[in-house]
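Visitor: To start, I am sharing the structure in question, which I have written as structure tokens.
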Amino acid sequence: MQLSKLYWRRASIGLIVTLVCSIAGQFLAKLPGFSLIGHLVLALLLGMCLQFARSLTAAAQQSTPFIANKFLRAGIILLGFKLNLVILMSAGLKSLEAAVVIVAVMIPLNYFVTRFFKVEHTLALLTACGCSICGAAAVMGVSGAVRAKTDQSVLAVAIVAILGTLFTLIEVGLQPFLGFTDAQFGVMAGLSLHEIAHAVAAGGAAGPVGTDSAIIAKLSRVLLLAPVAIIVGILEARRFRKQDGTGEDRMSVPIPWFMGGFILASAIGSYLPFVNDFVPSLVQLAYLLLGMAMAALGLNVNFSVILQKGLRPMVGALLCSFVITGLAFSIVHTFF
């Protein structure tokens, strides 16, 4: 009985701590400057900072594995309501085609460049997906399929956050010299920048038209998270079977099936009119849960591993960030 009470007490502390981090991250993300970092990364950083309160962290860590796993999946499913398929299939169809090219080129390129710098397979794949699709959500969306450790996931998220913020500032600075219309610049931002927050911040420099174009282009890349996660799950399952020496008849494929819920939520929000009134609340709940999951990761991160392994994947991802910016510029200049 005493053990059960202790477990639930610590689990409650974990829920409260991660909830506070998520809410605080949402608040900070509304402040000037912090909006470039984004709510999810801020929640992660707050969780990391709380590690210095050792007694609180020790109690909270009882429930953080559950929060990081289950809340993450629930948040990604609910995030699907943000993706309006009707808009994507009409106004954003050209952006969707461009997003397919971007993702198909950049994931393998980013992976092989980081591997060239002697980065381990799992971290290279997480970084490639994060930089090529939709930042932290992409990293966490494929982390289960690649059996990623907490430190690997956190490091990949950190790389995405740092480079996304840097290239947001670069693109905003370049805007007057590109010769693009507001809509074209928004599309370029959506096709090249890592997080939704980055795309919105950069697109906002081109006014309402730039913001709308950036969101459509960025959500086109977000849509590709589901098929990419499934493909990664299948490929990783084959790799693990070979490593483990198991037979081909054994099917234990870590495909992130919650991505099906993501697509289903998108379809419901897009084609069932009565859901429209609830979509903003559901998306807000999605970010709240995702923020709690990121805070849970932060509470368990190993700082020494990040400092030891962070430089090489950062350099590889930096080079590829220049490439994706140039590729997005070329696509927009040629086809938009």
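Visitor: Any idea which residue in the range 148-186 is most open to solvent (accessible area, probe 1.4 Å), counting only those that are part of a loop (DSSP other than H, G, I, E, B) and within 22 Å of LEU307 (Cα to Cα)?
Guide: Looking only at the range 148-186, we keep the residues that are part of a loop (DSSP other than H, G, I, E, B), and these are 148-149, 179-181.
Of the ones still in play, those that are also within 22 Å of LEU307 (Cα to Cα) are 148-149.
Working: ALA148: 29, LYS149: 141 Å².
Top of the filtered list is LYS149.
Visitor: Name the single residue, out of those in the range 235-291 being of a type in the set (D, E, K, R), modelled with pLDDT of 80 or more and in a helix (DSSP H, G or I), that is surrounded by the most Cβ atoms within 10 Å (Cβ to Cβ).
Guide: Applying the first criterion (of a type in the set (D, E, K, R)) to the range 235-291 yields 236, 238-239, 241-242, 244, 248-250, 277.
In the following step, the residues that additionally are modelled with pLDDT of 80 or more were identified as 236, 238-239, 277.
Next, only the ones that are in a helix (DSSP H, G or I) stay: 236, 238-239.
Details: GLU236: 21, ARG238: 12, ARG239: 12.
Applying the filter and picking the extreme gives GLU236.
Visitor: List the pairs whose first member sits in the range 192-218 and is within 16 Å of PHE34 (Cβ to Cβ), whose second member is charged (D, E, K, R), and whose Cβ atoms are under 7 Å apart, counting only residues at least 6 apart or on separate chains?
Guide: Final answer for the pair search is ILE196/LYS218; ALA202/GLU171.
Visitor: What number of residues within the range 305-336 satisfy the criterion of being open to solvent by 70 Å² or more (accessible area, probe 1.4 Å) and over 25 Å from LEU191 (Cα atoms)?
Guide: Total satisfying the criteria: 4.
Visitor: From the set of residues in the range 187-199 that are more than 21 Å from LEU93 (Cβ to Cβ) and in a helix (DSSP H, G or I), which is least open to solvent (accessible area, probe 1.4 Å)?
Guide: At the first step, the residues of the range 187-199 found to be more than 21 Å from LEU93 (Cβ to Cβ) are 194-195, 197-198.
Cutting the leftovers down to in a helix (DSSP H, G or I) gives us 197-198.
Working: ALA197: 34, HIS198: 1 Å².
Residue satisfying both the conditions and the ranking: HIS198.
Visitor: Select from the range 84-132 the residues that are under 18 Å from SER153 (Cβ atoms), in a helix (DSSP H, G or I) and open to solvent by less than 10 Å² (accessible area, probe 1.4 Å) and list them in ascending order.
Guide: If the condition is that a residue be under 18 Å from SER153 (Cβ atoms), in a helix (DSSP H, G or I) and open to solvent by less than 10 Å² (accessible area, probe 1.4 Å), then ASN110, THR114, LEU123, ALA124, LEU126, THR127, ALA128, CYS129, GLY130, CYS131, SER132 are the ones that fit.
Visitor: Which residues, counting only those in the range 23-44, are modelled with pLDDT of 85 or more and under 16 Å from VAL157 (Cα atoms)?
Guide: Of everything in the range 23-44, those that are modelled with pLDDT of 85 or more and under 16 Å from VAL157 (Cα atoms) turn out to be GLY25, LEU42, ALA43.
Visitor: Within the set of pairs 6+ apart or on separate chains, which have a first residue in the range 292-315 that is on the phi < 0 side of the Ramachandran plot, a second that is of a type in the set (Phe, Trp, Tyr), and C-beta atoms under 8 Å apart?
Guide: MET292/PHE71; ALA293/PHE71; ALA296/PHE71; ARG312/PHE117; PRO313/PHE117; VAL315/PHE117
Visitor: Looking only at the range 210-234, filter to residues that are open to solvent by 40 Å² or more (accessible area, probe 1.4 Å) and not β-branched (Val, Ile, Thr); which one of those is modelled with the lowest pLDDT?
Guide: ASP212
Visitor: Kindly indicate whether any position in the range 140-147 is more than 24 Å from LEU46 (Cα to Cα), part of a loop (DSSP other than H, G, I, E, B) and open to solvent by 30 Å² or more (accessible area, probe 1.4 Å).
Guide: Start the filter on the range 140-147 by keeping residues that are more than 24 Å from LEU46 (Cα to Cα), which leaves 145-147.
From the residues that got through so far, the ones that are part of a loop (DSSP other than H, G, I, E, B) too are 145-147.
Next, only the ones that are open to solvent by 30 Å² or more (accessible area, probe 1.4 Å) stay: 147.
Yes, the range 140-147 contains at least one residue that is more than 24 Å from LEU46 (Cα to Cα), part of a loop (DSSP other than H, G, I, E, B) and open to solvent by 30 Å² or more (accessible area, probe 1.4 Å).
Visitor: Moving to a separate point now. Within the range 66-98, which residues are under 13 Å from VAL222 (Cα atoms) and among the polar types (S, T, N, Q)?
Guide: Passing the criteria: ASN84, SER95.
Visitor: Something else about it: Does LEU155 count as modelled with pLDDT under 85 and among the hydrophobic types (A, V, I, L, M, F, W, C)?
Guide: Numbers: modelled with pLDDT under 85: no; among the hydrophobic types (A, V, I, L, M, F, W, C): yes.
No, not satisfied.
Visitor: Being open to solvent by 50 Å² or more (accessible area, probe 1.4 Å) and at pLDDT 80 or above is true for just one of ARG9, ARG54, ARG73. Which residue is that?
Guide: Details: ARG9 fails: at pLDDT 80 or above; ARG54 fails: at pLDDT 80 or above.
Among ARG9, ARG54, ARG73, only ARG73 is open to solvent by 50 Å² or more (accessible area, probe 1.4 Å) and at pLDDT 80 or above.
Visitor: Just a yes or no: is a residue in the range 141-163 on the phi < 0 side of the Ramachandran plot and of a type in the set (D, E, K, R)?
Guide: yes
Visitor: Return yes when ALA137 is touching a residue at least 40 places away in the same chain (Cβ under 8 Å), open to solvent by 10 Å² or more (accessible area, probe 1.4 Å) and either more than 17 Å from LEU44 (Cβ to Cβ) or assigned to a helix (DSSP H, G or I) (or both) and no when it is not. First the steps, then the outcome.
Guide: Values: touching a residue at least 40 places away in the same chain (Cβ under 8 Å): yes; open to solvent by 10 Å² or more (accessible area, probe 1.4 Å): yes; either more than 17 Å from LEU44 (Cβ to Cβ) or assigned to a helix (DSSP H, G or I) (or both): yes.
Here the answer is yes, as ALA137 does meet what is asked.
The values are calculated or read from the model by the stated rules, or taken from the named source; none is laboratory data. As the structure is a prediction and not an experimental result, all values here were calculated from the model. Backbone-built Cβ (ideal geometry, glycine too); neighbour counts: all protein chains shown. For the accessible areas, the whole protein counts, side chains as well, though only heavy atoms, and no ligand, DNA or RNA atoms are used. Shrake-Rupley method; radii C 1.70, N 1.55, O 1.52, S 1.80 Å.
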